[in-house]
Amino acid sequence: MYNVIIVDDEWYAVQAVKKRINWFELNVTGIFEAYDADEAMEQCKAYHIDIMICDIEMPGSNGLELCKWMNEYYPLTPCILVTGHASFEYAQQAIHLNVFEYILKSVDYDQLQQVFARAIAHMEQEREAQAFNQLYNKYYKLWENQKPILVERFWQDIFHNGIGQYRQPINAMLTAYHMPGGLLAKQIWPVMLSIEQWHKEFDSRDEEIMSYALRNAAEELLIRHLEGAVIQERPGILFALLYLDEDDIPSAELLASRLKEDCQMFIHACNRYFYCDVSCYVGDMKPLPQVTNVYHALLELEHNNVTRMNSVIALSEMCGQWQHSENGTYVSSIMWHNWMEMIDMGKKGVLLAQINDTFARLQEKPVHIEIVKAIYHSFLHLIYHLSHKRGISAQKLIGSEKLLEDPASVKSLSKLQHWAIRLVNQAIDGINNLDDDHSAIIGKVKHYIEEHLHEVTREQVADHVYLNPAYLSRLFKKETGLSLTEYIIAARINRTKTLLTTSNIKIGDIGASVGYDNFSYFTKIFKKMAGVTPQEYRKKYQI
């Protein structure tokens with residue numbers, strides 16, 4: 001619920017805004033009135049004001065001075081200025097004061113309703129950003145001041161080196177890393193927390209800080225009053241490790257139910273406060289020497305999961321679930337050649353509908369990671385084949401090397417679908433741009449041929465316009481009705497005709513100047529095209 005203050009020295013103007021706006025629709029419950037700047041300041045000090053609308057022309061301090069005061073003391077409160085004069089100076093000052101909106105009288109109240117709605121949305125975004133910055137700074141300081149690296153290194157040694165098979169080295173490690181000596185007598189319950197994607201652009205340092213914040217949240221929500229630790233195993237992967245006594249084992253079902261609820265709370269917190277998607281993979285309880293096996297099983301579980309995001313997934317429930325034979329049969333039945341033709345013909349709507357339908361079918365059952373990779377490479381093959389057919393590089397067709405090959409897209413079906421749609425859109429747009437450029441390309445080809453008649457070849461022309469010779473020939477014939485070779489011959493004969501009728505240059509020299517050093521071959525070609533020999537043509541038509 002929000003509070004609004006209306007500031008104007010004219011009573012009827014305040015009442016008009018008060019009565020003509022649908023405040024209920026905007027979730028505004030508090031409407032305050034002020035008839036000069038001083039009264040507005042007192043209201044802002046006494047009450048929490050979310051939005052201010054004020055007139056510029058008022059006795060005493062005007063609306064611009066009031067906005068300046070609001071910027072200083074309440075910078076997150078959007079200010080809407082109203083004036084009866086279309087003054088450039090007023091507008092300039094409003095921009096300088098970062099006023100949210102500048103409105104001329106008489107006021108269109110429907111427009112004003114929309115302005116209030118946008119102001120509320122803007123205010124919420126600003127407050128959310130401020131809250132995030134405060135949270136970020138809090139965890140940045142914590143991250144700077146303390147890093148629980150000993151516990152982290154202990155578990156990384158257990159996970160990676162497999163030394164958990166031998167009791168004696170573990171005892172030495174427990175002592176070296178200042179870990180509790182009774183850990184060997186406990187059951188370890190690992191939960192892997194996989195950060196699937198960030199919703200904000202972070203550099204590596206910021207991601208590390210945010211991961212530290214997630215570790216603290218996991219400790220608060222997953223470990224709670226139990227003994228345990230949360231460590232970062234690698235970028236994007238955290239492990240929550242619960243240390244359970246034998247006395248806790250009889251209540252394992254209750255603990256499992258509570259842990260699932262806690263994981264769901266953690267996922268919700270990550271979505272809302274930490275700008276990321278996370279899934280929790282719950283392992284099996286094992287004694288310390290067997291934790292390494294559970295660790296590798298959880299990594300494989302996370303690697304194979306391409307359909308479920310922001311989910312709690314138990315290792316015991318998912319063993320053998322990802323089968324790929326049925327999905328593989330469905331993927332192999334896709335008419336990829338038809339899809340390539342649709343891209344080539346620019347049938348974007350039909351193709352995107354088919355792609356979305358394909359992914360919707362794949363989402364119906366668990367999908368193996370190999371199926372996702374197969375689809376990814378099939379799309380790449382489609383684009384490379386199409387670009388080769390068009391006679392250009394795939395990168396030039398798509399316009400982005402990063403989009404063309406994006407290994408991160410195979411992390412999930414939803415990411416792959418998003419990538420595939422972007423790839424197809426770029427390919428169709430690229431082909432449309434190519435088609436628009438055809439007339440310019442044909443013009444460049446004709447000009448180059450005219451300038452190089454004495455030595456021009458199909459390959460030289462293709463190099464000049466950066467196209468494959470075979471593709472250029474197909475394109476040229478489609479646009480002009482002549483093959484490239486036919487056009488070159490016709491251009492040479494036309495130049496010959498001009499020189500025969502407008503100059504006294506020897507016929508042999510004319511042939512050489514247009515690329516025919518062999519006089520008899522030149523005469524043969526000319527007669528075939530013109531119906532007479534060069535000598536007969538000159539005699540008949542020379543000026």
> So how do 284, 50 rank on accessible area, 1.4 Å probe, biggest first, that is with the largest at the start?
Replying inline: 284, 50
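Based on the Cβ-Cβ distance from residue 251 to residue 273, what FRET efficiency comes out when R0 is 41 Å, to the nearest 0.05?
Numbers: r = 31 Å, r/R0 = 0.75.
Calculated value: 0.85.
Accessible area per residue for the chain in Å², computed with a 1.4 Å probe and the full protein assembly in place, what is it? Kindly include the intermediate steps, with their values, before the conclusion.
Details: 28480 Å² over 543 residues.
I get 52 Å² per residue for the chain.
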>> Could you work out what % of the accessible surface of the chain is carbon and sulfur, using a 1.4 angstrom probe and leaving DNA, RNA and ligands out of the count?
In response: 50 percent
>> Heavy atoms of the protein only, probe of 1.4 Å, neighbouring chains included. What is the accessible area of residue 367 in Å², nearest 10?
In response: 0 Å²
> What accessible surface, in Å², does a 1.4 Å probe find on residue 303, ignoring ligands, DNA and RNA and rounding to the nearest 10?
Replying inline: 90 Å²
> Roughly how much of residue 464 is accessible, in Å² to the nearest 10, using a 1.4 Å probe?
Replying inline: 70 Å²
>> Can you give me the angle between helix 252-273 and the longest principal axis of the chain, using Cα atoms only, in degrees from 0 to 90, rounded to the nearest 10?
In response: 60 degrees
>> How big is the dipole moment of the chain about its Cα centre under a simple scheme where the beta carbon of each Lys and Arg is +1, that of each Asp and Glu is -1, and everything else is neutral? Debye, nearest 20, please.
In response: 3840 debye
> Ordering 532, 230 by how much accessible area each has at a 1.4 Å probe, largest first, what is the list?
Replying inline: 532, 230
> Karplus couplings for the range 337-351 from phi (6.51 cos²θ - 1.76 cosθ + 1.60, θ = phi - 60°), rounded to Hz, Gly and Pro as x?
Replying inline: 5, 5, 5, 5, 5, 5, 5, 4, 8, x, 7, 5, x, 5, 5
>> Quick check: Cα centre of the range 37-52 to Cα centre of the range 61-109, how many Å?
In response: 15 Å
>> Taking a cut-off of 26 Å, what percent of all Cα-Cα pairs in the range 385-543 are separated by more than that?
In response: 47 percent
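Cα-based Rg of the chain per 2.2 N^0.38 Å, rounded to two decimals?
On the way: Rg = 37.1 Å, N = 543, 2.2 N^0.38 = 24.1 Å.
Against the empirical 2.2 N^0.38 Å value, I get 1.54 for the chain.
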> Amide H of residue 103: which non-local residues (sequence gap of 5 or more, or other chain) have their own amide H closer than 5 Å, using H built in the peptide plane?
Replying inline: 81, 82, 83
>> Projecting each Cα onto the charge dipole of the chain (Lys/Arg +1, Asp/Glu -1 at the beta carbon, about the Cα centre), which of 445, 502, 187 comes out farthest on the positive side?
In response: 502
>> Let me check against my output: what whole-number percent is the relative contact order of the chain, with C-alpha pairs under 8 Å and at least 6 apart?
In response: 8 percent
>> Can you give me the C-alpha center-to-center distance between the range 508-526 and the range 405-426, rounded to a whole angstrom?
In response: 57 Å
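Between residue 124 and residue 539, take the C-beta separation as r, use R0 = 56 Å, and let me know the FRET efficiency to the nearest 0.05.
Details: r = 90 Å, r/R0 = 1.61.
Taking R0 as 56 Å, the efficiency between residue 124 and residue 539 is 0.05.
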>> Can you give me the long-range amide H partners of residue 314? Hydrogens built in the peptide plane at 1.01 Å from N, cutoff under 5 Å, separation of 5 or more residues or another chain.
In response: 282
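So what is the relative contact order for the range 380-491, in percent, with contacts set as C-alpha pairs under 8 Å and at least six apart? It would help to have the intermediate numbers written out before the result.
Details: 79 pairs, mean separation 27.2, N = 112.
Relative contact order here is 24 percent.
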>> Output wanted: per-residue J couplings in Hz (rounded whole) for the range 71-78, from phi through Karplus 6.51 cos²θ - 1.76 cosθ + 1.60, θ = phi - 60°, x for Gly and Pro.
In response: 4, 6, 9, 9, x, 8, 8, x
> Helix 484-502: angle to the longest alpha-carbon principal axis of the chain, degrees 0 to 90, nearest 10?
Replying inline: 40 degrees
> Which whole number in µm²/s is D for the range 186-313 by Stokes-Einstein, with the Kirkwood Rh taken over Cα pairs at 37 °C and 0.692 mPa s?
Replying inline: 221 µm²/s
> By accessible area of protein heavy atoms, probe 1.4 Å, what ranking do 247, 277 get, highest first?
Replying inline: 247, 277
>> Could you tell me the relative contact order of the range 7-56? Use alpha-carbon pairs under 8 Å, at least six residues apart, and round to a whole percent.
In response: 53 percent
> Just going by the charge dipole of the chain, with Lys and Arg at +1 and Asp and Glu at -1 on Cβ, which of 531, 273, 426 is farthest out on the positive end?
Replying inline: 531
> Mind checking the alpha-carbon convex hull of the range 17-72 and giving the volume per residue in Å³?
Replying inline: 87 Å³
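The values are calculated or read from the model by the stated rules, or taken from the named source; none is laboratory data. In this text the structure is predicted, and so the values were computed from the model without any measurement. Methodologically, a virtual Cβ is constructed for each residue, glycine included, from the backbone with ideal geometry; neighbour enumeration extends over all protein chains shown. For the accessible areas, the whole protein counts, side chains as well, though only heavy atoms, and no ligand, DNA or RNA atoms are used. Shrake-Rupley method; radii C 1.70, N 1.55, O 1.52, S 1.80 Å.
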